[in-house]
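Notes follow once the structure below has been shown.
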Amino acid sequence: MQKFTTLTSPVIPLNLDNVDTDMIIPAQHLKSVSKLGFGEHVFSALRKMYPDFILNQPAYNTGKILLSKANFGCGSSREHAVWAIQQYGIQAVVCSSFSDIFFNNAAKNCLLLISLPEETISKWIDASLADNTLAMTIDLEAQKISFMGETHSFKYDTFRKHCLINGLDDLDYLLSQEKDITTYEQKHCNLSR
Amino acid sequence: MAQNIINKIWHSHVVQSKPDFPDTLYIDRILLHEVTSAQAFAELKQRGIQIRNKQNLLATVDHSIPTDKNRAVIADEIARTQVDTLRANCKETGVTIYDIESSHQGIVHVVGPELGFTLPGTTIICGDSHTSTHGAFGALAFGVGTSEITHAMASSCILQDKPKTFKVEFKGMPNQYFTAKDAILKLISVIGIGGGKGCVIEYAGEYIRSLSMEGRMTICNMSIECGARAGLVAPDTTTFAYLQGRQYAPQGDAWEQAKTGWNALVSDAGASYDHEIMIDIEGAGPMLTWGINPEHAIALSGQTPALDAGGDRATLEKAYAYTGLTPGQSLKGTPIDFAFVGSCTNGRIEDLRAVAKILDGRKVSSRVTMYIVPGSEQVMAQAQAEGLDKIFIAAGADFRMPGCSMCLAMNPDKVPEGKRCVSTSNRNFIGRQGPNSITHLASPQTTAASAVLGFIASEESL
């Protein structure tokens with residue numbers, strides 16, 4: 001996994017509440033038996049329906065930080081939604097709130113999610129829609145996020161922070177415990193078949 | 001300090017525990033099926049990681065396969081890809097797969113126990129929420145997502161926060177028509193679909209002790225329907241009698257040694273739990289669901305709830321609109337179109353025997369299509385050996401090949417639009433058995449009696 005310490009990037013302002021996982025990755029793209037190839041389909045239905053959708057605008061669509069509103073990631077539990085966002089190149093999603101399942105799926109895949117107060121989010125979305133050159137900086141170590149000359153603190157889970165900063169996903173973290181696992185297995189050999 | 005069985009199993013499987021970090025939990029058994037495993041294999045391959053203990057994995061096909069005699073031919077392209085991918089992955093990695101015609105293929109939660117792969121005190125995961133079934137053996141068994149399957153395949157561990165513990169004790173003697181299915185529906189109707197959230201349930205009490213392994217599996221199976229992460233029953237002589245001599249169960253001296261260990265799993269006297277509840281089943285009779293989730297269960301002798309009976313009114317209104325029923329009515333006598341016996345909840349030999357007992361010498365109503373789907377090839381063979389298949393066929397039921405079948409509308413077996421089905425499965429969600437189909441969850445006995453009469457009825461009405 002890529003380590004996440006600080007990130008400075010233009011933002012993709014998605015001015016919507018309740019962005020659901022069907023919008024993020026429509027069901028017809030779930031047929032794959034691999035975990036790759038979802039990035040190109042991210043928000044595909046919205047991109048098709050609305051020519052001026054934010055991801056169709058070259059001034060915005062290379063951002064690595066997605067900015068959206070409340071209850072992001074609601075609906076179906078599909079983990080593909082997280083994979084699609086990541087494979088598109090987005091490294092962090094900043095919203096006023098996230099759905100529980102999406103939050104957990106994101107954590108398992110090292111997609112950084114940051115929640116901020118609604119007023120801040122609304123203001124930032126408006127500002128970035130008005131000026132596509134504005135960049136955002138996220139400092140995960142210090143748990144600070146800066147935009148438009150303002151800096152805010154954000155809360156983040158201790159374990160998830162450890163993983164992101166060290167570039168470990170859950171699997172890397174588990175594999176880093178190889179010695180402990182082997183010791184455990186030696187003590188409990190009666191359990192194996 | 002006195003410990004309950006849930007904590008005993010948990011603590012004996014913690015590889016690493018740090019404050020503010022999830023526990024690293026050792027996983028003894030990983031069960032695989034065709035729908036949720038492909039991406040796990042793909043990721044390991046992509047990252048160049050080997051399966052850590054492939055002898056701890058066991059795969060079969062169940063969810064998306066057809067259940068007709070010609071089931072080897074899968075018309076649906078996605079289903080075929082899923083099944084072929086699992087076959088190829090198992091072949092490539094050396095994971096044991098019980099494929100169709102292996103004599104052990106079946107619903108993963110039926111196959112694990114009947115092979116003795118499911119053992120007391122083990123931790124078991126599978127990419128399916130009904131993995132809790134295996135808890136009947138005193139195992140800690142729960143459903144996980146594809147990521148966690150990947151983790152366990154690679155490291156034999158997953159990351160988990162320690163669950164809360166919840167003791168459910170059934171108290172009293174029910175009437176003769178009450179079954180394990182009725183017990184679990186009763187519990188869910190009392191505590192609700194979120195009543196067990198964040199918890200592992202230990203089912204206890206004299207009633208549980210009196211149940212066969214099949215009955216205990218039915219109860220543990222539906223733990224997830226009240227939101228619990230898992231459910232289990234402490235092992236006892238019934239458990240040991242079921243397991244002894246099964247293919248993967250310990251043999252000889254190892255068996256005796258294992259039994260000593262399993263006896264020590266039982267909750268200590270005075271052990272505490274985060275939550276406890278007593279469910280009174282004194283004199284209770286059959287239950288069934290009327291609405292659109294498993295907590296919408298009532299006694300068959302009772303009436304559907306009033307809109308202001310408690311709970312979310314909007315959900316109740318939606319449920320009545322969907323099922324075409326009205327508040328305060330009896331369900332008895334409601335005409336049905338389909339009857340389904342099968343699934344990981346009630347697709348075992350004991351369930352089929354109970355159904356055969358009712359169908360013997362009777363006919364399925366001409367207005368009803370009845371599917372009887374054995375949970376595994378072993379269940380099917382046993383049913384044939386006992387002549388149950390002949391009884392089913394003589395009664396006019398369709399005795400099919402093993403698989404998940406009509407439980408989840410993921411294969412060709414579906415309840416048609418607008419049709420009403422009494423079903424031994426586990427979920428009565430909107431569209432679960434097919435778009436716009438209506439499901440009433442019930443015991444095999446109630447399902448069979450309703451199939452014969454053509455309307456909702458208990459065995460007692462025959």
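Among what's in segment A:98-153 and is assigned to a loop (DSSP other than H, G, I, E, B), surrounded by fewer than 18 Cβ atoms within 10 Å (Cβ to Cβ) and of a type in the set (Gly, Ala, Ser), pick the residue that is farthest from the other protein chains (Cβ to nearest Cβ).
A:GLY149
Quick check: anything in segment A:182-193 among the hydrophobic types (A, V, I, L, M, F, W, C), free of Cβ contacts under 8 Å to residues at least 24 places away in the same chain, touching a strand residue (DSSP E or B) at 6+ places or on another chain (Cβ under 9 Å) and within 13 Å of chain B (Cβ to nearest Cβ)?
yes
Within segment B:104-162, work out how many residues are at the interface with chain A (Cβ under 10 Å from one of its Cβ atoms) and hydroxyl-bearing (Ser, Thr, Tyr).
7
Would you mind telling me which numbered condition in (1) crowded, with 24+ Cβ neighbours inside 10 Å; (2) over 18 Å from the mean Cα position of the chain (by Cα); (3) in a helix (DSSP H, G or I); (4) not aromatic (Phe, Trp, Tyr) B:GLN257 fails?
Unmet for B:GLN257, out of (1) crowded, with 24+ Cβ neighbours inside 10 Å; (2) over 18 Å from the mean Cα position of the chain (by Cα); (3) in a helix (DSSP H, G or I); (4) not aromatic (Phe, Trp, Tyr): (1).
Considering segment B:309-351 alone, what residues qualify as being of a type in the set (A, V, I, L, M) and either in a loop (DSSP other than H, G, I, E, B) or under 28 Å from B:GLU386 (Cα atoms) (or both)?
Hits for segment B:309-351 are B:ALA309, B:LEU325, B:LEU331, B:ILE336, B:ALA339, B:VAL341, B:ILE349.
Of all residues in segment B:267-298, which are surrounded by fewer than 20 Cβ atoms within 10 Å (Cβ to Cβ) and of a type in the set (Asp, Glu)?
Once the filter is applied, which keeps residues that are surrounded by fewer than 20 Cβ atoms within 10 Å (Cβ to Cβ) and of a type in the set (Asp, Glu), segment B:267-298 yields B:ASP268, B:ASP274, B:GLU276, B:ASP280, B:GLU282.
Which one is farthest from the chain's Cα centre (by Cα), of the residues in segment B:53-74 that are surrounded by fewer than 21 Cβ atoms within 10 Å (Cβ to Cβ) and within 9 Å of chain A (Cβ to nearest Cβ)?
The residue in question is B:ASN53.
In the set B:LEU316, B:LEU331, which member is under 15 Å from B:GLY291 (Cα atoms), aliphatic (A, V, I, L, M) and surrounded by 24 or more Cβ atoms within 10 Å (Cβ to Cβ)?
B:LEU331
To keep it simple, each residue is scored yes or no on (1) charged (D, E, K, R); (2) under 25 Å from B:PHE340 (Cα atoms).
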position	(1), (2)
B:SER37	no, no
B:ARG47	yes, no
B:GLN50	no, no
B:VAL61	no, yes
B:ALA72	no, yes
B:ARG87	yes, no
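Going by what's in this entry, would B:THR24 be described as of a type outside the set (Lys, Arg) and either assigned to a strand (DSSP E or B) or away from every other protein chain (no Cβ under 11 Å) (or both)?
yes
Output the number of residues of segment B:1-21 satisfying the condition of being at the interface with chain A (Cβ under 10 Å from one of its Cβ atoms) and surrounded by 15 or more Cβ atoms within 10 Å (Cβ to Cβ).
Within segment B:1-21, the subset at the interface with chain A (Cβ under 10 Å from one of its Cβ atoms) is B:12-16, B:18-21.
With surrounded by 15 or more Cβ atoms within 10 Å (Cβ to Cβ) added as a condition, the list becomes B:12-16, B:21.
Here the count works out to 6.
Can you spot a residue in segment B:87-98 that is under 21 Å from B:SER155 (Cβ atoms) and hydrophobic (A, V, I, L, M, F, W, C)?
Yes, because at least one residue in segment B:87-98 is under 21 Å from B:SER155 (Cβ atoms) and hydrophobic (A, V, I, L, M, F, W, C).
Looking at A:LEU168, A:LEU164, which is the one that is crowded, with 17+ Cβ neighbours inside 10 Å, within 14 Å of another protein chain (Cβ to nearest Cβ), in a helix (DSSP H, G or I) and not aromatic (Phe, Trp, Tyr)?
None of the other options fit; the residue is A:LEU164.
Is it true that B:GLY311 is surrounded by 14 or more Cβ atoms within 10 Å (Cβ to Cβ), farther than 20 Å from B:CYS421 by Cβ and at pLDDT below 95?
Yes: the conditions hold for B:GLY311.
Restricting segment B:33-52 to residues that are within 12 Å of chain A (Cβ to nearest Cβ), under 18 Å from A:SER32 (Cβ atoms) and in a loop (DSSP other than H, G, I, E, B), which is farthest from the chain's Cα centre (by Cα)?
Checking each candidate, the answer is B:SER37.
Cβ contacts < 7 Å: first residue closer than 14 Å to B:SER210 by Cα, restricted to segment B:228-242; second residue among the β-branched types (Val, Ile, Thr) and surrounded by fewer than 24 Cβ atoms within 10 Å (Cβ to Cβ), any location; separation 6+ or different chain. Result?
As it stands, the answer is B:VAL233/B:ILE208; B:ALA234/B:VAL266, since those pairs meet every condition given.
Looking only at segment B:75-96, count every residue that is buried (at least 20 other Cβ atoms within 10 Å of the Cβ), touching a helix residue (DSSP H, G or I) at 6+ places or on another chain (Cβ under 8 Å) and either more than 14 Å from chain A (Cβ to nearest Cβ) or not in a loop (DSSP other than H, G, I, E, B) (or both) and tell me the total. It would help to see each step written out before you state the result.
From segment B:75-96, those buried (at least 20 other Cβ atoms within 10 Å of the Cβ) are B:79, B:82-83, B:86, B:89-90, B:95; that's our starting set.
Remaining after also requiring touching a helix residue (DSSP H, G or I) at 6+ places or on another chain (Cβ under 8 Å): B:82, B:86, B:89, B:95.
Now restrict to residues that are either more than 14 Å from chain A (Cβ to nearest Cβ) or not in a loop (DSSP other than H, G, I, E, B) (or both): B:82, B:86, B:89.
Adding up the residues that qualify gives 3.
Which residues, counting only those in segment A:25-65, are more than 14 Å from chain B (Cβ to nearest Cβ) and under 21 Å from A:GLN2 (Cβ atoms)?
Of everything in segment A:25-65, those that are more than 14 Å from chain B (Cβ to nearest Cβ) and under 21 Å from A:GLN2 (Cβ atoms) turn out to be A:GLY39, A:GLU40, A:VAL42, A:ASN61, A:THR62, A:GLY63, A:LYS64, A:ILE65.
Can you tell me which residue among A:LEU66, A:LEU46 is outside any helix (DSSP H, G or I), buried (at least 17 other Cβ atoms within 10 Å of the Cβ), modelled with pLDDT of 90 or more and aliphatic (A, V, I, L, M)?
That would be A:LEU66, the only listed residue that is outside any helix (DSSP H, G or I), buried (at least 17 other Cβ atoms within 10 Å of the Cβ), modelled with pLDDT of 90 or more and aliphatic (A, V, I, L, M).
The values are calculated or read from the model by the stated rules, or taken from the named source; none is laboratory data. Note that the structure is a prediction, hence the values are computed from the model and not measured. Every residue, glycine among them, receives a Cβ derived from its backbone with ideal geometry; neighbour counts consider all protein chains shown.
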